[in-house]
1. Test B:Gly109 against the stated conditions and say whether it is surrounded by fewer than 22 Cβ atoms within 10 Å (Cβ to Cβ) and either facing chain A (nearest Cβ under 7 Å) or in contact (Cβ under 8 Å) with a residue 12 or more places away in the chain (or both).
2. Would a scan of the stretch A:41-61 turn up a residue that is surrounded by fewer than 22 Cβ atoms within 10 Å (Cβ to Cβ) and at pLDDT 80 or above?
3. Answer with yes or no whether B:Val18 is more than 7 Å from chain A (Cβ to nearest Cβ) and at pLDDT 75 or above.
4. Which condition from (1) surrounded by 15 or more Cβ atoms within 10 Å (Cβ to Cβ); (2) free of Cβ contacts under 8 Å to residues at least 24 places away in the same chain is the one that B:Asp159 breaks?
5. Take the residues in the stretch B:89-109 that are small (Gly, Ala, Ser) and part of a helix (DSSP H, G or I), then tell me which one is farthest from A:Cys87 (Cα to Cα).
6. Looking at the stretch B:131-143, can you tell me whether even one residue there is under 28 Å from B:Ala84 (Cα atoms), aliphatic (A, V, I, L, M) and within 7 Å of chain A (Cβ to nearest Cβ)?
7. Go through the stretch B:69-84 and give me each residue that's over 9 Å from the mean Cα position of the chain (by Cα) and among the β-branched types (Val, Ile, Thr).
8. Any idea which residue in the stretch B:201-216 is surrounded by the fewest Cβ atoms within 10 Å (Cβ to Cβ), counting only those that are within 20 Å of A:Leu122 (Cα to Cα) and touching a residue at least 12 places away in the same chain (Cβ under 8 Å)?
Amino acid sequence: MNVILVLFFTFLKIGLFSIGGGYAIIPLIQEQVVEKTGWISEKVFTDIITISQMTPGPLAVNTSTFVGLQIAGVAGAIAATLGCVLCGVLLSLMLYRFFQRHQKSIYVFEVLGGLKAASLGLIISAAVTILMLALWGIGTPTFDTMPDWFIATMFALSLLALRKWKVNPIIIMIGTGLLGFFIY
Amino acid sequence: MNESNASNEIVSFYRLIVQLYNDIQKGWMYLKQEKKPYLWLIGINLFISAFTFGGGYVVVPMIRRYFVTQRNCFAEEELINMAAVAQSTPGAIAVNLSALAGFRVAGIGGAVISCVSAVIPPLIILGIVSAFYGAFVSNAVIAAILKGMQAGVAALIVDLIIDMCQMILKERSLLLSAMIPGAFLASFVMGINVALILIFCCLLCIGKVLLAKRKKS
C-alpha cells in the first residue's frame with residue numbers, strides 16, 4: 001500500500017510540473033524516477049522514451065504506466081497513471097470554466113488570444129522537431145546530409161491529401177505506416 | 001361585445017396552443033440534451049488515443065475531425081481555445097484536451113469518462129510492451145512502420161498549424177501575429193521553458209489592455 005501511495009504522489013508531482021508536455025518534460029521525469037528514487041536505471045529510461053515514440057499515448061503517461069508496473073504491478077500502474085493525469089485535467093477544467101464564465105471580460109479575451117498565439121508558436125516548434133526527426137533522423141538542425149526523400153514525399157502527399165481532400169487523419173496514420181513497412 | 005369576446009377566446013386558445021407547442025419543444029430539447037452521448041465519448045476517445053503516435057498535438061486534428069467536422073459538437077474556434085487551455089496547464093496535452101472536449105459535450109461525467117478512456121489504450125499497450133520490451137525495441141518491422149508514421153504525424157500537425165495560423169492572422173492583431181514566431185523562436189532556438197513563454201505572453205496581453213485603457217481615459 002505504501003509503495004502505491006509513493007508512486008501516486010511522485011507522479012502527481014511530475015504531472016503538476018510538466019507544463020508543455022512532450023520532450024520538454026523528459027528531464028523532470030528522469031530526475032524523479034531515475035535519480036531520486038532509483039526505481040529504474042538510466043538505460044531502461046532511455047528504452048521507455050524509445051517505446052513511447054513507438055506507441056501511442058503521452059510520454060508521461062507511458063512512463064508512469066511502465067514504472068508503476070515494474071514497481072508494484074497493475075495496481076502500481078493505475079496509481080501512477082492516475083497521479084500523473086489528475087492535476088492536469090483538474091487544472092484545465094478549472095481554467096476552461098474560468099474562461100467560459102468571464103468570456104465578456106476584455107482581459108480574459110486578450111489573455112486567451114495570447115495563449116492561443118503562444119501555443120501555436122510552441123506547436124510549430126514541436127512540428128519542426130518532428131520533421132527534423134523524420135527527415136534527418138536527428139532532432140537538431142544540420143544540413144550537411146541529404147534528407148530522406150521517401151519520407152519527404154510521403155509527408156508532402158499526406159499534407160496534400162489533408163488539405164485538399166480532407167482525408168481522415170486515422171487513414172493517413174495507417175497509410176504512412178503501411179508505406180513505411182513496404183519501403184524500409 | 002359578443003364578437004370581441006369570441007375573438008378574445010380564439011386568441012387565448014391560439015396562445016395556449018403556441019405555449020403548449022413551445023413547452024413540448026423545450027421538453028424535447030431538454031431530453032435531447034440530457035441524453036448524453038457517454039458511449040460515443042468512450043468509443044471515440046479509446047479510438048483517438050490508440051492512434052495518437054508522435055505526441056499530444058496529433059490529438060487536436062483528430063478531435064477536430066470527430067467532434068467538430070462530423071458531429072458539430074462545437075465550433076473550430078472553441079477547439080482552438082480548448083487546445084490553448086490544455087497546452088497552458090500542466091500534464092499531458094492529449095489527456096487534458098480529451099477531458100475538455102468531454103466536458104464540453106457532456107459535463108463533468110463526460111470529462112471523467114473521456115479522461116479514463118484516453119488513458120486506457122496506452123496503459124494496456126505499455127503493459128504488453130513492458131513484458132517483453134527488449135524484443136520490441138529491436139524489432140525492424142515495427143521500426144519501419146513507425147518511421148513511415150512520422151511523415152504522417154508531421155503532415156497532420158502542419159495541416160493544423162496552417163488552419164490555426166489563418167485563424168489568428170484573421171484577427172489582424174499585430175501583437176498576436178508577432179507572438180507566433182516569437183514563441184517559436186523562444187522555444188526552438190533559445191530553449192526557454194514553455195511555462196515562462198506562456199506566462200510572458202499572458203502578461204504582454206494584459207499590458208496591452210491596460211495601455212489601451214489608459215489611452216482612452
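1. Values: surrounded by fewer than 22 Cβ atoms within 10 Å (Cβ to Cβ): yes; either facing chain A (nearest Cβ under 7 Å) or in contact (Cβ under 8 Å) with a residue 12 or more places away in the chain (or both): yes.
The answer is yes for B:Gly109.
2. yes
3. Details: more than 7 Å from chain A (Cβ to nearest Cβ): yes; at pLDDT 75 or above: yes.
In short, yes.
4. (2)
5. At the first step, the residues of the stretch B:89-109 found to be small (Gly, Ala, Ser) are B:91-92, B:94, B:98-99, B:101-102, B:106-107, B:109.
Then keep just the ones that are part of a helix (DSSP H, G or I); that gives B:94, B:98-99, B:101-102, B:106-107, B:109.
On the way: B:Ala94: 14, B:Ser98: 14, B:Ala99: 12, B:Ala101: 17, B:Gly102: 17, B:Ala106: 20, B:Gly107: 18, B:Gly109: 17 Å.
Filtering first and then ranking leaves B:Ala106.
6. Let us first name the residues in the stretch B:131-143 that are under 28 Å from B:Ala84 (Cα atoms), namely none.
Looking through the stretch B:131-143, none of the residues is under 28 Å from B:Ala84 (Cα atoms), aliphatic (A, V, I, L, M) and within 7 Å of chain A (Cβ to nearest Cβ).
7. Scanning the stretch B:69-84 gives a single hit, B:Thr69.
8. B:Leu204
The values are calculated or read from the model by the stated rules, or taken from the named source; none is laboratory data. Please read all numbers here as calculations on a predicted model, not as lab measurements. Note that we place each Cβ from the backbone using ideal geometry, even for glycine, and neighbour counts take in every protein chain shown.
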